[in-house]
Amino acid sequence: MTFTLFLQQLLNGLSIGSTYAIFALGYTLVYSILGIINLSHGAVFTLGAYCTYALMGGAFGFSGVLANASLPFSLPFIFALITSSILAGLIGVVIERVAFLPLRSKGSDPLLTVVSSLGVAQIIVNLIQYLVGAENYTFPANTYGDLPPAINFGTAENPITIRTVQIIIFVVSVIIVAILTYFINRTKYGKAMQAIAEDPITSSLLGINSDRIIIFTFFISSFLAGIAGTLLASSVSIAGPYFGIVFGLRGLAVIVLGGLGSIPGAVLGGFLIGIIKAKIKGKLKGKDAFASTPLK
């Protein structure tokens, strides 16, 4: 393997792993607080992508209740991303109130909450399919403005070409990880989350409102899912209502590899799986495939 090919694989792997890392962080936050896997996370991921597409003025296809429908306005990508992520966060709060709180109040087995979240995921996916059908939806070519479609980090003789959207996803993931790490370790709410994860009973006796912290955790988790869903969709399109569910299985592999409940582990696991995936694709398709490696 040449040094140029190695750098190509490494950069593509980091860009692919960035999306895995953002997605897995949402899984990790909920698991660290409640000790359960929220299988509806992938459906919220999908919902965030659809919301951003709609807010940018995208029209839906020929099937579903909203066939050929579109909003009477369109937002710039960054505002659509923030708005849809907030909506995804609010959906996450509703899911916690409906699917998790009743079972948690009764002290039910954690396995039942996993089944409940899986049921919510199916409801969301089927609702999306009912409303807008199962067509693929592609974000506009100018989603990221006048930025070039790709950047060459090498030379004309030995190009190391990375798509601009992959670079953006990597930068966004680094910023999110930095903010989240600071929030968890330095803020009052972050320390409260750590206390509840360590010992929920003692933390409640010390005056920490566990219910409020859990709601906030679900909001942040789903907010991150909305961001990850939009970024992935802007790179490879929205591949139908189930594309977040499929991606969620890879997110599970990331958090298992990185250690359940570990934020640094989720990030490192995402990058590692991304690099391995890029390396495998390189062997199967050859060097030229890396110039347009999709994030999927």
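The values are calculated or read from the model by the stated rules, or taken from the named source; none is laboratory data. Just so it is clear, the model here is predicted, and its values are computed rather than measured. Virtual Cβ from ideal backbone geometry, glycine too; neighbours counted across all protein chains shown. When the accessible area is computed, the model is the full protein with side chains, heavy atoms only, and any ligands, DNA or RNA have been set aside. Shrake-Rupley method; radii C 1.70, N 1.55, O 1.52, S 1.80 Å.
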What's the longest uninterrupted piece of the chain once you rule out the chymotrypsin sites (Phe, Trp or Tyr not before Pro) that are loop residues per DSSP with at most 15 other Cβ within 10 Å? 154-296
The stretch 22-157, accessible surface, carbon-and-sulfur percent (1.4 angstrom probe): 69 percent
Starting from the Cα coordinates of the stretch 2-49, work out the convex hull volume and express it per residue in Å³. 87 Å³
Give me the 1.4 Å probe accessible area per residue for the stretch 134-245, excluding ligands and nucleic acids, in Å². 51 Å²
Considering only C-alpha atoms, what is the centroid distance from the stretch 16-39 to the stretch 81-99, in Å? 15 Å
Mind listing the long-range amide H neighbours of Ala150? Cut-off is under 5 Å, sequence gap 5 or more, other chains count too, H placed in the peptide plane at 1.01 Å from N. Thr164
Calculated diffusion of the stretch 204-274, Stokes-Einstein form, Kirkwood radius summed over Cα pairs, 25 °C and 0.890 mPa s, µm²/s: 175 µm²/s
Sequence-distant aspartates and glutamates (8 or more away, or on other chains) whose Cα lies within less than 16 Å of Lys188: Glu198, Asp211
Amide H within-cut-off set for Thr161, under 5 Å, with H built and near neighbours excluded: Phe153
Could you list log10 I(q)/I(0) for the chain at q = 0.07, 0.15 Å⁻¹, which the Debye formula gives when each Cα is one point scatterer? -0.27, -1.15
Pick out, in residue order, every one of the trypsin sites (Lys or Arg not before Pro) in the stretch 1-110 that is DSSP loop and has at most 12 other C-beta atoms within 10 Å; say none if there are none. Lys106
Given the -39500 (n - 2.57) contribution per DSSP H run of 4+ residues, what per-residue ellipticity at 222 nm results for the chain, rounded to the nearest 500 deg cm²/dmol? -23000 deg cm²/dmol
Under a straight-distance cross-link criterion of Cα-Cα below 18 Å, which aspartates and glutamates are reachable from Lys277, leaving out those fewer than 8 residues away in the same chain? Asp288
Summing +1 for each Lys or Arg and -1 for each Asp or Glu, what net charge is found among the other residues whose Cβ lies under 11 Å from the Cβ of Arg97? -1
Explain nothing, just the number: dipole magnitude of the chain about its Cα centre with +1 on each Lys and Arg Cβ and -1 on each Asp and Glu Cβ, in debye rounded to the nearest 20. 360 debye
If I fit a long axis through the Cα atoms of helix 188-198 and take the longest principal axis of the Cα atoms of the chain, what angle between them do I get, 0 to 90°, rounded to 10? 70 degrees
Length added when fully stretched, Leu131-Thr2, from 0.36 nm per residue minus Cα-Cα: 41.5 nm
Calculate the dipole size of the stretch 83-237 relative to its Cα centre from +1 charges on Lys and Arg beta carbons and -1 charges on Asp and Glu beta carbons; express the result in debye to the nearest 20. 420 debye
I'd like the projected area of the stretch 1-145, averaged over all directions, using the convex hull of its alpha carbons. Report it in nm² with one decimal. 11.8 nm²
